[in-house]
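J.: Take this structure first; my questions come after.
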Amino acid sequence: MIRLELAQVAQIWFSILLTVFVLSFLHSENPLYRLAEHIFIGAAAGHFAVMGIASIKIGLTPLQAGNILYVIPMILGLLMFTTFSRRQYWLSRFPIALIVGTGVGLSLRTVPQANVLQQISPSITLLGKDPFATFNNIILFVALLTSMTYFIFTRELRGPLGNIAKAGRYFMLIAFGGSYGGTVLTRLATLVPTMQTLLSPDSLIATGLGCLLVLGVLGYSYRRAKSK
Amino acid sequence: MSEKKTYAERLRALDPRAIYVLLTLAVVVPILFPLGLPIQIAAPTRDVYNAIEGLKGGAVWYGIDLLAVSLPEMMPALVVTVRHLMTKPVKIVFVSFTSEGPMYYYKLMDQLKTQKKYGEDFAYLGFIPGEETAIAAYAHDVPGTAKKDYFGSPVEALPVMKGIKTAKDFALVITCISLSLHNDAYVRQVFTPFNVKMVQVMLSVNYPEKILYYPHQIVGALNGIKGATEYEQLTGYLGAATSANDAITMAHVLLILFVVVANIGYFASGRKR
Amino acid sequence: MSVLVRRSFPLGIAAIVGILMILELFQVGKEITSSAAMVRDWVVIISGFALCLGAVHVTGFHVNQIRKRTAGRWPFSIVLLAVMFSYIAVGVSLTTMSGTYRWLYDAINFPLAQVMFSLLAFYIFSAAVRAFQARNFEAVAFLLCAILVVIGNIPSMPLISSALAQIGPWILDVPTKGAFRGLLITAALGIIVLGIRTLLGRETAYLGRA
């Protein structure tokens, strides 16, 4: 029981200290931030490798069941690593070609319906259940047409066609403005819980210690730079 | 004699750390002194609620397709939707197409503390690599692609998997998505071939772009933490999203103030760059 | 012979499996359907190997940094490799289901990913003050819509001003949807063309260096 609690406390301390080290980057880059950054990269790369190995183990199931054809993906998978070789890199093209070909085939059989037809059909319904809905449908249709016109590159867009493309450009600016609003919400949705974690009663001491460490390192770096 | 700086130049010369301090205060103060601001529910959120509430049986495909960075934004939505699902008479089959998904599964189970039985009421088929190809493979052959559940049991041996062969055998597909390409992949490889009912929980950054699938291809959508806040209000399971609402509101107000002040000054100084 | 093996064979493989996937859609036969399913399964297995590529690349890069004793970097490279191999050792021997692995992940990956992402919030605010001015009509269009959507995203806004609160969602629901739909359809047409070029062997960028 005590061991479990110690593990939980250690986890809180470790995660809070690393969080404060990363936030110190807002002041300036420093060794503590670089330490946290390298720990993160190592952890992420390690996790991907672990999940990859676990997936390969599951992939061995058909082979263990006697399906000899499943030797092929195992060999192709190993050939992926030849990408690091200066002379044998071309062997990695075989598994990549399989992946690309499969992806292309799966896209080609669904994109026309999902991303073209099923997008066009609701857009060309202009009459709505009330005048406001009709107005919205017309605006949506105009935005669709004008933004598509903007991407005509096969001829120079002049005159009325040029004006339509310009209108498309403004609609896209409106869309990117809307997208910016979503970006702000996502970033804040990540920042607020980070702050909540730092200020929670379990974490206050760790947060304080982390801040002191950061201040110490920044102060030392400042004095060293000044003396140089 | 030095030239007088334009307003825009003075703004650009402003120490960004002053702005960071103001933002920190705008976030920290509501955390320490909650305001309890009320919220209103958006239509796509209500449609997600109705889709889950209307389940009378069958199986649900729940995709935990999240990256580690999305934890604070998506965890509340994940918890509240699964909590709601578990009140329905449905079997839930969890799966992940991102490598961080299994870690989310553990956190989800820790928070839910459900009475439902693993293997009979729900199961987790683990992480399947391969992005869109993996989603397509799974949709066409669920047991053949997953092979084993996350804990090593053969999929065929799980009672919850009885009668589930393809995506068509699911009454509803719900997916929590971090990567925008997964939004497209699910619509292309699950909805388009099988025409199965789908709702998506998406990051706010992807929402403006991916909401175009609503309502013809996806029947409902949750807009990140805002959607989670609304869903918590709808279901009554108040949690992390509701507690973050005040701070998010104040930070938004601060941003609007910043932009307004920056532009008032810009126009007042004669729009000099 | 060399060009045939090094370029033509991979292009041929891509074309054959691509056409196989398309033929499956038309349900031409059981053999085609089962072959397509098997190929998809193979891609899932190969993707598992691809996940390990990152670790190999990172190891090579940082071992090089340590060998060269790159100033200010090599001690951190040692830390990075130590963390990475600890993860691999624990994950492979004890599996990701173990308490130890979960401890590591909850202590390192989740909090660090979260805080790295949240740094961007500060930069967005900094940019909003210092660079977000309505210099021309295009900037006004962008700025106005951004602010209206931000206002609409405030969960409590409908109870402060219902009119202002409705403009943001309207912008997302109508002009934004229309413009993004146009972008999606245009991109889809591009995907179709690129896909056909890949199947015909005209698109070779995925083969990498010559």
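J.: Quick one: C:VAL150, A:VAL71, fewest Cβ neighbours within 10 Å first, how do they rank?
T.: Ordered by Cβ neighbours within 10 Å, fewest first: A:VAL71, C:VAL150.
J.: Using 23 Å as the Cα-Cα cut-off, could you pick out the over-long pairs in B:LYS116/B:LYS162; B:LYS117/B:LYS147; B:LYS147/B:LYS210; B:LYS91/B:LYS226; B:LYS88/B:LYS162?
T.: Over 23 Å Cα-Cα: B:LYS147/B:LYS210; B:LYS91/B:LYS226.
J.: Please turn the phi angles of region B:150-160 into ³J(HN,Hα) values with the Karplus equation 6.51 cos²θ - 1.76 cosθ + 1.60 (θ = phi - 60°), one per residue in order, whole Hz, x for glycine and proline.
T.: 3J(HN,Hα) across region B:150-160, in whole Hz: 4, 9, x, 7, x, 4, 5, 7, 8, x, 5.
J.: A follow-up question, please. Among rounded, prolate and oblate, which fits chain A when a ≥ b ≥ c are the square roots of the eigenvalues of its C-alpha gyration tensor, a/c under 1.5 means rounded, and a/b larger than b/c means prolate?
T.: In terms of gyration-tensor shape, oblate.
J.: To continue, here is another question. To check you understand DSSP bridge types, tell me what percent of the beta bridges within region B:108-239 (both residues inside) are antiparallel, rounded to 5.
T.: Of all bridge pairs located within region B:108-239, approximately 10 percent are antiparallel.
J.: Another question, then. Sort the protein assembly as shown into rounded, prolate or oblate with this rule: let a ≥ b ≥ c be the square roots of the eigenvalues of the Cα gyration tensor; rounded if a/c is under 1.5, and if a/c is not under 1.5, prolate when a/b is larger than b/c, oblate otherwise.
T.: Rounded.
J.: What percent antiparallel are the DSSP beta bridges of chain B, to the nearest 5?
T.: Counting DSSP beta bridges with both partners in chain B, the antiparallel share is about 5 percent.
J.: So, one more: Would you order B:LYS148, C:LYS177, B:LYS117, A:LYS226 from fewest to most other beta-carbon atoms within 10 Å of each residue's own beta-carbon?
T.: A:LYS226, B:LYS117, B:LYS148, C:LYS177
J.: Using the count of nearby Cβ atoms within 10 Å as a rough guide to exposure, how do C:CYS52, C:CYS145, A:CYS211 rank from fewest to most?
T.: Placing the least packed residue first, the sequence is A:CYS211, C:CYS52, C:CYS145.
J.: Output the DSSP H helices from chain A with an along-axis C-alpha extent of no less than 18 Å and a mean Kyte-Doolittle hydropathy no less than -0.5.
T.: The qualifying helices are A:2-23, A:31-59, A:93-108, A:131-150, A:159-199, A:204-227.
J.: Got a sec? Charge dipole of region C:106-210, +1 on Cβ for Lys and Arg, -1 for Asp and Glu; which of C:ILE196, C:VAL129, C:PHE110 is way out at the positive end?
T.: C:ILE196
J.: Which whole number gives the average count of other chain Cβ atoms within 10 Å of the Cβ atoms across peptide B:19-29?
T.: Averaged over the peptide's residues, the number is 5.
J.: List the residues, sorted by chain then number, that are 5 or more residues from B:LYS91 or on another chain and whose placed amide H is less than 5 Å from its amide H.
T.: B:GLY58, B:ALA59, B:VAL60
J.: Given springs between every Cα pair under 10 Å in a Gaussian network model of chain B, which of B:VAL60, B:VAL261, B:VAL196 has the largest fluctuation?
T.: For chain B, modelled as a Gaussian network with Cα springs under 10 Å, the answer is B:VAL261.
J.: If you place +1 on the Cβ of every Lys and Arg and -1 on the Cβ of every Asp and Glu, how big does the dipole about the Cα centre of region C:24-117 come out, in debye to the nearest 20?
T.: With Lys and Arg at +1 and Asp and Glu at -1, about 540 debye.
J.: Among the DSSP beta bridges whose two residues both lie in the protein assembly as shown, what percent are antiparallel, rounded to the nearest 5?
T.: Among the beta bridges of the protein assembly as shown, antiparallel pairing accounts for roughly 5 percent.
J.: Separate question: In whole Å, what is the distance between the alpha-carbon centres of region A:155-202 and region B:89-104?
T.: Here the two parts' Cα centres lie 30 Å apart.
J.: Can you pull out the GluC sites (Glu not before Pro) in region A:1-54 that DSSP calls coil and that have at most 12 other Cβ atoms within 10 Å?
T.: A:GLU29
J.: Across region B:172-177, in residue order, what do the Karplus-derived ³J(HN,Hα) couplings come to in whole Hz, using 6.51 cos²θ - 1.76 cosθ + 1.60 with θ = phi - 60° and x for Gly and Pro?
T.: 8, 10, 10, 9, 9, 10
J.: Decide, for region B:28-80, between rounded, prolate and oblate: order the square roots of the alpha carbon gyration tensor eigenvalues as a ≥ b ≥ c, take rounded if a/c falls under 1.5, and otherwise choose prolate if a/b is larger than b/c, else oblate.
T.: Oblate, since a/c reaches 1.5 and b/c is not below a/b.
J.: Right, here's the next one. Kindly rank C:164-171, B:132-139 from highest to lowest mean number of other beta carbons found within 10 Å of each residue.
T.: Descending mean neighbour count gives B:132-139, C:164-171.
J.: Cα centroids of region C:115-186 and region B:168-196: how far apart, whole angstrom?
T.: With region C:115-186 and region B:168-196 each reduced to a Cα centre, they are spaced 27 Å.
J.: Can you list which of the DSSP-assigned H helices in chain B have a Cα extent of 27 Å or more along the long axis and an average Kyte-Doolittle score of at least 0.0?
T.: Passing helices, by number: B:240-268.
J.: Using Cα positions and a limit of under 17 Å, work out the aspartates and glutamates in reach of A:LYS57, with same-chain residues fewer than 8 apart set aside.
T.: The qualifying aspartates and glutamates are B:ASP149, C:ASP41.
J.: Sticking with this structure for a sec: Set Lys and Arg Cβ to +1 and Asp and Glu Cβ to -1, take the dipole of chain A about its Cα centre, and tell me which of A:ASN136, A:GLN113, A:SER24 lies farthest positive.
T.: So the residue furthest toward the plus end is A:SER24.
J.: Where in region C:54-109 are there trypsin sites (Lys or Arg not before Pro) that are in a DSSP coil and have at most 11 other Cβ atoms within 10 angstrom of their Cβ?
T.: C:ARG69
J.: Same structure, new question: Check cross-link reach from C:LYS177 to the aspartates and glutamates: straight Cα distance under 17 Å, and skip same-chain residues fewer than eight apart.
T.: Within reach: B:ASP184, B:GLU209.
Bear in mind that the values in this text are calculations on the coordinates, not laboratory data. Because the structure is a prediction, the values reported are computed rather than measured. Cβ atoms come from the backbone with ideal geometry, glycine included; neighbour counts cover every protein chain shown.
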